[in-house]
Amino acid sequence: AQSVAQPEDQVNVAEGNPLTVKCTYSVSGNPYLFWYVQYPNRGLQFLLKYITGDNLVKGSYGFEAEFNKSQTSFHLKKPSALVSDSALYFCAVRAIYNFNKFYFGSGTKLNVKP
Amino acid sequence: NAGVTQTPKFRILKIGQSMTLQCTQDMNHNYMYWYRQDPGMGLKLIYYSVGAGITDKGEVPNGYNVSRSTTEDFPLRLELAAPSQTSVYFCASSSAGASQETQYFGPGTRLLVL
């Protein structure tokens, strides 16, 4: 079975500091991994994805994510947080047996304080 | 540039009532999805469609029905509303081919069943 886990319900960081939002996955085979962001009262927006290749993936708004196969992780990172980065972040994995199915984590609320 | 639109934004239903959540996309995407998001939980896939006339069940299809008569529209039908269907519903779409895994989400429909 495919699944992702986001171990932190909430992450607090000061503006200007680096941020990390954690995600671990459980997939048999090579995973297709994604990060989405959700602002209040809005739908999810795509940030970045890992399909294959370089383990460090760069995405929108200065975010990047590092794929680590040995640790089955796909943590979202940003070198310098902005207050406007405060939102709900979801990690997702695409099903191996059915490319039309995606499984989302429970979400991590990121709070960036000025 | 409308993208994915959903109506209504908010609805209160009584137990046993029925309703249709509307979803329309103007990007000529083949793939469309319906998710529900419960408080503190990730998104759960209800139904998806790979093209007009083709639909399939996701993780949590019970209590829902869908149809896809056109590329643009993918309505979700609740026949006998139950309190367990209180949730936020998101429609999403994606194109075929290499970009299929990037989903575009609508703003959501908040449903309360009393």
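The values are calculated or read from the model by the stated rules, or taken from the named source; none is laboratory data. Remember, predicted model here, so these are calculated numbers, not experimental data. Cβ: placed from backbone, ideal geometry, glycine included. Neighbour counts: every protein chain shown. Surface accessibility is based on the protein's heavy atoms, side chains included, excluding ligands, DNA and RNA. Shrake-Rupley method; radii C 1.70, N 1.55, O 1.52, S 1.80 Å.
Please give the per residue volume of the convex hull enclosing the alpha carbon atoms of the stretch A:21-114, rounded to a whole number of Å³.
100 Å³
Using only alpha carbon positions, build the gyration tensor of the stretch A:1-69, then give the equivalent ellipsoid semi-axes as the square roots of 5 times its eigenvalues, largest first, whole angstrom.
Numbers: eigenvalues 91, 44, 37 Å².
Those come to 21, 15, 14 Å.
Ignoring ligands, DNA and RNA, what percent of the 1.4 Å accessible area of the stretch A:3-105 is carbon and sulfur?
Carbon plus sulfur share of accessible area: 49 percent.
From the phi of every residue in the stretch B:20-27, what ³J(HN,Hα) in whole Hz does the Karplus formula 6.51 cos²θ - 1.76 cosθ + 1.60 yield, where θ is phi - 60° and glycine or proline is x?
Per residue, the Karplus-derived 3J(HN,Hα) values read 10, 8, 9, 9, 9, 10, 10, 9 Hz.
So, with +1 on the Cβ of K and R and -1 on the Cβ of D and E, and no other charges, what is the size of the charge dipole of the protein assembly as shown about its Cα centre, to the nearest 20 debye?
Details: 20 positive and 15 negative charges, 64 e Å.
So the dipole magnitude of the protein assembly as shown works out to roughly 300 debye.
Calculate, in nm to one decimal, what A:Glu66 and A:Gln10 gain on full extension: separation in residues at 0.36 nm each, minus their alpha carbon distance.
Working: separation 56, 0.36 × 56 = 20.16 nm, distance 1.97 nm.
Extending this stretch completely gives an extra 18.2 nm.
In debye to the nearest 20, how big a dipole does chain B give about its Cα centre with +1 on each Lys and Arg Cβ and -1 on each Asp and Glu Cβ? Mind dumping the intermediate values first?
On the way: 9 positive and 8 negative charges, 81 e Å.
Once rounded to the nearest 20, the dipole reads 380 debye.
Given H placed on each backbone N at 1.01 Å, which residues far from B:Thr55 in sequence or on other chains put an amide H within less than 5 Å of it?
Hits under the 5 Å cutoff: none.
For an R0 of 25 angstrom, estimate the FRET efficiency from the Cβ-Cβ distance between A:Ile51 and B:Asn28 and round to the nearest 0.05. Walk me through the intermediate numbers first.
Values: r = 23 Å, r/R0 = 0.92.
That gives a FRET efficiency of 0.60.
Could you state the number of Å between the C-alpha centres of the stretch A:20-71 and the stretch B:1-69?
24 Å
Projected onto the charge dipole of the protein assembly as shown (+1 at Lys/Arg Cβ, -1 at Asp/Glu Cβ, origin at the Cα centre), which of A:Asn55, B:Val4, A:Ser80 gives the Cα projection farthest towards the positive end?
Among A:Asn55, B:Val4, A:Ser80, the one farthest towards the positive end of the dipole of the protein assembly as shown is B:Val4.
First compute the accessible area of chain B with a 1.4 Å probe, then give the percent of it belonging to carbon and sulfur atoms. Each step should come with its number before you reach the end.
On the way: 2710 of 5220 Å².
Within chain B, the accessible surface is 52 percent carbon and sulfur.
At q = 0.10, 0.12, 0.13 Å⁻¹, what is the log10 ratio I(q)/I(0) for the protein assembly as shown, with the Debye formula run over Cα points and no solvent?
Relative scattering, expressed as log10 I(q)/I(0), comes to -0.45, -0.65, -0.76.
Between A:Lys113 and B:Ser95, how many nm apart are label points set 7 Å from Cα along the C-beta direction?
Calculated label separation equals 4.4 nm.
Looking only at the protein assembly as shown, where both bridge partners belong to it, what percent of the DSSP beta bridges are antiparallel (to the nearest 5)? Let's see the in-between values first.
Details: 67 of 76 bridges.
Counting DSSP beta bridges with both partners in the protein assembly as shown, the antiparallel share is about 90 percent.
For chain A, set up a GNM with springs between Cα atoms under 10 Å and report which of A:Lys22, A:Lys77, A:Lys101 has the largest fluctuation.
A:Lys101
May I have the extent of the alpha carbons of the stretch B:4-95 along their three principal axes, as whole Å values ordered from largest to smallest?
Sorted largest first, the three principal extents are 35, 26, 22 Å.
Using a Gaussian network model of chain A with C-alpha springs under 10 Å, which one of A:Ser73, A:Ser26, A:Ser60 is most mobile by mean-square fluctuation?
With Cα springs under 10 Å in chain A, the top fluctuation among A:Ser73, A:Ser26, A:Ser60 is at A:Ser60.
What full-extension length gain, to one decimal in nm, is calculated for B:Ser69 and B:Leu114 as 0.36 nm per residue of separation minus the Cα-Cα distance?
Details: separation 45, 0.36 × 45 = 16.20 nm, distance 3.11 nm.
Length gained, B:Ser69 through B:Leu114: 13.1 nm.
Given the Cα-Cα distance of B:Glu59 and B:Met41 and 0.36 nm per residue of separation, how much length would full extension add, in nm? Show your work: numbers first, answer last.
Working: separation 18, 0.36 × 18 = 6.48 nm, distance 1.39 nm.
Extra length available between B:Glu59 and B:Met41 comes to 5.1 nm.
Going toward the positive end of the dipole of the stretch B:4-95, with +1 on Lys and Arg Cβ and -1 on Asp and Glu Cβ, which of B:Tyr35, B:Ser93, B:Ser18 do you reach last?
B:Ser18
Per residue of A:40-52, count partner chain C-beta atoms within 10 Å of its C-beta, then hand back the mean as an integer.
Numbers: counts 0, 5, 4, 15, 10, 3, 7, 0, 1, 3, 0, 2, 0.
Counting Cβ atoms of other protein chains within 10 Å of each residue's Cβ and averaging gives 4.
Which links in A:Lys22/A:Lys49; A:Lys22/A:Lys109; A:Lys77/A:Lys113; A:Lys69/B:Lys44; A:Lys49/A:Lys101; A:Lys49/A:Lys78 stretch past 20 Å when you go from one Cα to the other? Please list the in-between numbers first.
On the way: A:Lys22/A:Lys49 15 Å; A:Lys22/A:Lys109 11 Å; A:Lys77/A:Lys113 17 Å; A:Lys69/B:Lys44 25 Å; A:Lys49/A:Lys101 15 Å; A:Lys49/A:Lys78 15 Å.
Beyond 20 Å: A:Lys69/B:Lys44.
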